[in-house]
Every structure is written in structure tokens, then in C-alpha cells.
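Peer 1: A single structure is presented below for examination.
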Amino acid sequence: MDPYESIRQSIAIGKSMARIKRTSMKPTHTSPRRQHTGTRPHPLELKKDDEFWYDDGTIILISQNIEFRVYQGPLAQHSQVFRNMLAFPQPPIPGPSHASSSRTTLGSGLVAPCPTVHLTDSPADLRHFLRALVLGGTIQDPPPSLTFYAVCAWIRLGHKYEVDKLVENGLQYLRRFYPSTFTPDPEPPGIWAGPIRKDRPMDLQGRSAIAIVNLARLTDSNDLLPLALLECCKLGADIVKGYRREDGTVEFLQPDDLGRCFAAKGALELSVVNAYLRIFEHAPIDGSCDGGQSCVVAFHYLRYHFRVATCEDVGVDELLVEDRMESDLTNTLCSQCRCTVISDAVQGKRVLFWNSLPNRFELDVVGWGVDWP
Ligand SMILES: [Zn+2]
């Protein structure tokens, strides 16, 4: 589907609604939009939004049955789409003969009339969007308590209404936890640190990866796809259940991306097991190990574990996180084995695994792997 189709529809609706409402000038929040008749479904009664209703606002955005009365200025300032929409000349305000029924005054319990635009976005998404644009500040400096719901709204609506800075901020946030460069997690520093950060928020894990894949597709941000699809491969049967958005609607992976996960999962698990077997194959190395029998026993058990490993025992992203390497078993190794043998070997296998990810998912990601060839 053409991603701009809904925008064009909204703009078309917005233009016509703006003209209509500027001439009718009814206080829209005080009465139902239309009385139902016969078997027609009962239209939802419009309600003012609790957070975004300014009596002196200059535009009313309607999402489902919620009205948001805000100011045109910030919308036009940040959004090319709203700027174009509001640039169209509006019909003149009705003359005195119509004023008694169509114009109201502030303080009367009603509000002054202004243009109305119907939007197809959910009220929840629109609130996140308005918090960034109308309240100001957020668009330049994302707050530390940012939720994934907000990030999704920023990217979806920012892309739709051409607020480039908002899209960029949302993608930047996602890239902190789904990086495209092989950089060991600095917190906490350690010899086992992998490129997947341990502080990846809970709302960026699990089925949220489905939404991240779709956001990456929407914005042509291919660099997010390898790790997001890798996270999707961990979902098991839940991968077909989709991701539930804040408004309760569910989005799914596109069939091509679903197929990519099915095709890659088994091969990824196999490559993880092979990598670990190679890592432990020849260790400990005579001359460098000073752990004696305890290292010999530890390596024996590590090799045994991966020889009998099943898919349930191995995570597709296991090489990129440090949990496995922090086990009690590896902690019994001598410092020589841990630092000079295992860490170097693990890092080498990690880089190979990392660099292979785009190919595993049949992706073309410009620049992937160039920092660790
Ligand atoms: Zn040793």
C-alpha cells in the first residue's frame, strides 16, 4: 500500500473539513457530530481530550471520537504536511448575519471556532506526537523516561507528517539498543562484553521487535533490521501473534520478513553451537594455562554441553551477549584461559557471526561489518 495514501486522504479530508468548519463554526465539543437515523450505526460522541484542549487553540484535530484543540504554529513549524495543509487560503469568517448562531465567545462555556482536521491516527499516538511538537523541547532532547509506545508514535507520525527531526530522534533511540556497529557494551566493562547492551529496556525486547522491524521498513532504516530480526527469531510461536500497540491494535511482520526468520533461525542456532565447539576445541593450550586439572575439566564439560545442545539450549543471539560466558563454569577457568584464549576466541567468533547477519536474513545493509572486517 502506498504509505502516503492515508496522508493524502487526511489532507484532502482536512482541507474540505477546514473549509466546512470555518463556515459552520459550531462548538464541536458540546454536541454529537450527527444524530443517527434508521439502522445507521450510532456515531461516537465527540469528547475533548483531557490533555490537549486549549480554549484559545487555533486548530482542532479529531482522532476517532477525541478532539485535540491545539495551536497551528508548532504544527506548521515542524511538519511539512501541516504547513502545506494550513497554507491553503481559508474561506472568510461568516458575516454578522451568521454570527449569532455560529460564533461564540470565550468564557461563555463554549469556545471560539477554528478549523477542524480529521486524522486517521490513534488518539494515543497523536498524544505522543503532540507532546513532542506542541509542548516543545522533546523534539530536540528525548527524555530519559521515553517509552517504546512514544518512540513508535514519533516515528510513525513523524514519517507521515514529515517531521524529520522526530523520526531521527526515534530511530536514534532504537539504535542505542539495536546498534549497527560492533561495539562491546561499555556497561559494565568486561572481557566478555558483547555488542548487545544488557540495559536494553524490557519494552524493547520480545514482540516489540516486530514493531521495530516494521518501523525500519517504513523509514528504510535497514541498519536496524539484522538485530531486530534476530530478536524476532527468539519469539518461537509468538512470532505470528504480532505486536499489540498502545491502542490495542495488533501489527504483524510482513510475510517476507516472517519467512526470513523461519529460514534463518535453524542456521543461526547451528552456527552458534559450531562457534562454541570451535572455541573450546583445543583449549586449554599447553604452556599458557596455569589452571591445571580444573581448566581441563571445565573445558571438557563446556565441549560436552555444546555437543549435546538442542535448539532449546541455545539462543540465536547468544554469541552477542555475555551471559553464557559469565557462567560458573567459565569462572573456574584460570585467568590465562579466560583472558588470552577464550576472550580472544569468543571475540573472533562474535565478529564472524555479527558480520554474517545481513546475509543470514538476505539483507543489504550498507556499512555493516566494515568496522570489524
Ligand atoms: Zn587455564
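Peer 1: When you go through P284, P255 one by one, which is the residue that is within 16 Å of the ligand (Cβ to nearest atom) and either in contact (Cβ under 8 Å) with a residue 24 or more places away in the chain or loosely packed, with under 13 Cβ neighbours inside 10 Å (or both)? If you could, list the steps in order and put the result at the bottom.
Peer 2: On the way: P255 fails: within 16 Å of the ligand (Cβ to nearest atom).
After applying the criteria, what remains is P284.
Peer 1: Next question, about the same structure. Evaluate the following for C289: is it in a loop (DSSP other than H, G, I, E, B), within 16 Å of the ligand (Cβ to nearest atom) and surrounded by 12 or more Cβ atoms within 10 Å (Cβ to Cβ)?
Peer 2: Criteria met by C289.
Peer 1: Follow-up. Of H300, H305, which residue is within 16 Å of the ligand (Cβ to nearest atom) and either in contact with a Ser or Thr (Cβ under 6 Å, 6 or more places away or on another chain) or under 24 Å from L319 (Cβ atoms) (or both)? If you could, list the steps in order and put the result at the bottom.
Peer 2: Values: H305 fails: within 16 Å of the ligand (Cβ to nearest atom).
That would be H300, the only listed residue that is within 16 Å of the ligand (Cβ to nearest atom) and either in contact with a Ser or Thr (Cβ under 6 Å, 6 or more places away or on another chain) or under 24 Å from L319 (Cβ atoms) (or both).
Peer 1: Can you find a residue that is touching a residue at least 24 places away in the same chain (Cβ under 8 Å) and in a helix (DSSP H, G or I) anywhere in segment 192-202? So that I can check it myself, show each step before the final result.
Peer 2: Residues of segment 192-202 that are touching a residue at least 24 places away in the same chain (Cβ under 8 Å), as a first pass: 192-196, 198, 201.
From what is left, the residues that are in a helix (DSSP H, G or I) are none.
For segment 192-202, residues touching a residue at least 24 places away in the same chain (Cβ under 8 Å) and in a helix (DSSP H, G or I): absent.
Peer 1: Find all pairs meeting these conditions: Cβ atoms under 7 angstrom apart; at least six residues apart or on different chains; first residue within segment 291-305 and aliphatic (A, V, I, L, M); second residue not in a loop (DSSP other than H, G, I, E, B).
Peer 2: Cβ pairs passing all conditions: A298/L329; L302/F280; L302/L329.
Peer 1: Criterion first (among the hydrophobic types (A, V, I, L, M, F, W, C) and touching a residue at least 12 places away in the same chain (Cβ under 8 Å)) does F262 satisfy it? Walk me through how you get there before you give the answer.
Peer 2: Values: among the hydrophobic types (A, V, I, L, M, F, W, C): yes; touching a residue at least 12 places away in the same chain (Cβ under 8 Å): no.
When the stated conditions are applied, F262 does not pass them.
Peer 1: Among the residues that make up segment 211-234, is at least one of them under 24 Å from L357 (Cα atoms), surrounded by 21 or more Cβ atoms within 10 Å (Cβ to Cβ) and outside the structural domain of Q347 (by TED's automatic domain parsing)?
Peer 2: no
Peer 1: Tally the residues that are away from the ligand (no atom under 16 Å from the Cβ), in a helix (DSSP H, G or I) and modelled with pLDDT under 80, restricting the search to segment 319-334.
Peer 2: From segment 319-334, those away from the ligand (no atom under 16 Å from the Cβ) are 319-324, 326; that's our starting set.
From what is left, the residues that are in a helix (DSSP H, G or I) are 319-320, 324, 326.
Restricting the remaining residues to those that are modelled with pLDDT under 80 gives 324, 326.
The total comes to 2.
Peer 1: May I pose another question? Restricting segment 335-350 to residues that are charged (D, E, K, R) and at pLDDT 80 or above, which is farthest from the ligand (Cβ to nearest atom)?
Peer 2: Within segment 335-350, the first condition is being charged (D, E, K, R), and the residues that meet it are 338, 344, 349-350.
Now drop any that are not at pLDDT 80 or above, which leaves 338, 349-350.
Details: R338: 8, K349: 19, R350: 21 Å.
Among them, the one singled out is R350.
Peer 1: Ok, one more. In the list L126, L157, which residue meets the criterion of being in a helix (DSSP H, G or I), at pLDDT 95 or above and over 30 Å from K198 (Cα atoms)?
Peer 2: Going through L126, L157 in turn, just one is in a helix (DSSP H, G or I), at pLDDT 95 or above and over 30 Å from K198 (Cα atoms): L126.
Peer 1: Moving on. So, V316, is that one part of a loop (DSSP other than H, G, I, E, B), more than 12 Å from the ligand (Cβ to nearest atom) and at pLDDT 85 or above or not? Show your work before the answer.
Peer 2: Details: part of a loop (DSSP other than H, G, I, E, B): yes; more than 12 Å from the ligand (Cβ to nearest atom): yes; at pLDDT 85 or above: yes.
Against the criterion (part of a loop (DSSP other than H, G, I, E, B), more than 12 Å from the ligand (Cβ to nearest atom) and at pLDDT 85 or above), V316 qualifies.
Peer 1: For segment 282-299, state whether one or more residues are under 37 Å from the mean Cα position of the chain (by Cα) and not hydrophobic (A, V, I, L, M, F, W, C). Before you say what the answer is, go through the steps one by one.
Peer 2: Kept after step one, since they are under 37 Å from the mean Cα position of the chain (by Cα), are these residues of segment 282-299: none.
No, there is no match, as no residue in segment 282-299 is under 37 Å from the mean Cα position of the chain (by Cα) and not hydrophobic (A, V, I, L, M, F, W, C).
Peer 1: Taking segment 338-368 on its own, how many of its residues are within 15 Å of S180 (Cβ to Cβ), among the small types (G, A, S) and either assigned by TED's automatic domain parsing to the domain that holds D256 or more than 23 Å from the chain's Cα centre (by Cα) (or both)?
Peer 2: Adding up the residues that qualify gives 1.
Peer 1: I'd like the full set of residues that are within 15 Å of F148 (Cα to Cα) and loosely packed, with under 13 Cβ neighbours inside 10 Å, limited to segment 238-248. Steps first, answer last, please.
Peer 2: Step one: list which residues in segment 238-248 are within 15 Å of F148 (Cα to Cα), which gives 243-248.
Once the filter is applied, which keeps residues that are within 15 Å of F148 (Cα to Cα) and loosely packed, with under 13 Cβ neighbours inside 10 Å, segment 238-248 yields only G248.
Peer 1: Within segment 258-272, restricting attention to residues that are crowded, with 19+ Cβ neighbours inside 10 Å and aliphatic (A, V, I, L, M), which residue is nearest to V213 (Cα to Cα)?
Peer 2: A264
Peer 1: Hey, another quick one. Between residues in segment 150-169 that are among the charged types (D, E, K, R) and residues that are surrounded by fewer than 24 Cβ atoms within 10 Å (Cβ to Cβ) and not in a helix (DSSP H, G or I), which pairs lie under 8 Å by C-beta distance while being six or more apart or on different chains?
Peer 2: Once the first residue is among the charged types (D, E, K, R) and sits in segment 150-169, its partners that are surrounded by fewer than 24 Cβ atoms within 10 Å (Cβ to Cβ) and not in a helix (DSSP H, G or I) give R156/D121; K160/P3; K160/D121; E162/S79; K165/I139; K165/Q140.
The values are calculated or read from the model by the stated rules, or taken from the named source; none is laboratory data. Values in this document were obtained by computation on a predicted structure and should not be read as measured data. Neighbour counts are summed over all protein chains in view; Cβ atoms, including those assigned to glycine, are modelled from backbone coordinates with ideal geometry.
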